[in-house]
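Read-outs throughout are calculated quantities, based only on the coordinates presented, and are distinct from any laboratory measurement. Only a predicted model underlies this, so the values are computations on that prediction, with no experimental measurement involved.
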Amino acid sequence: VQLQAFGGGLVQPGGSLRLSCSASGSLFEINDVGWYRQVPGKQRELVASITNGASTDYIDSVKGRFAISRDNAKKMAYLQMNSLKPEDTANYYCNYRFRETTNDWGKGTQVTVSS
């Protein structure tokens, strides 16, 4: 079952958004999860990841601005995005890390940062 991302929208530069990712089944608690983003014409990139032990990692461009978290009891992952910039505009996805090289992706949620 695919992970589903939601919570995107239009926000002004400097604003904040919190994305949510919902899962079902028994895989969530034992797997690492990533937040990814993609803009048209470019490859999807991993933005942030969290292990099943809650260790986190970020790409340099979002360090200090984004925070990934998870709630295993609710089978949810989150991406808190602060100090948003126009270059953060993309379709954001969540997925299990072990699926990131497959074609098994949910729809994603669009984030647009614009004044």
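A few comments on the model shown:
- Relative contact order for the chain, counting Cα pairs under 8 Å that sit 6 or more residues apart, in percent: 38
- Scattering profile of the range 45-98 at q = 0.12, 0.15, 0.26 Å⁻¹ [log10 I(q)/I(0), Debye over alpha-carbon scatterers]: -0.27, -0.43, -1.20
- Taking only the C-alpha atoms of the chain, the Rg (one decimal) and the largest Cα-Cα distance, Dmax (whole number), read 13.2, 41 Å.
- Dimensions in Å of the range 4-46 - Rg and Dmax from alpha carbons: 13.4, 38
- Note on the chain: lysine pairs with Cα distance below 28 Å, sequence gap of 8 or more or different chains, count 10.
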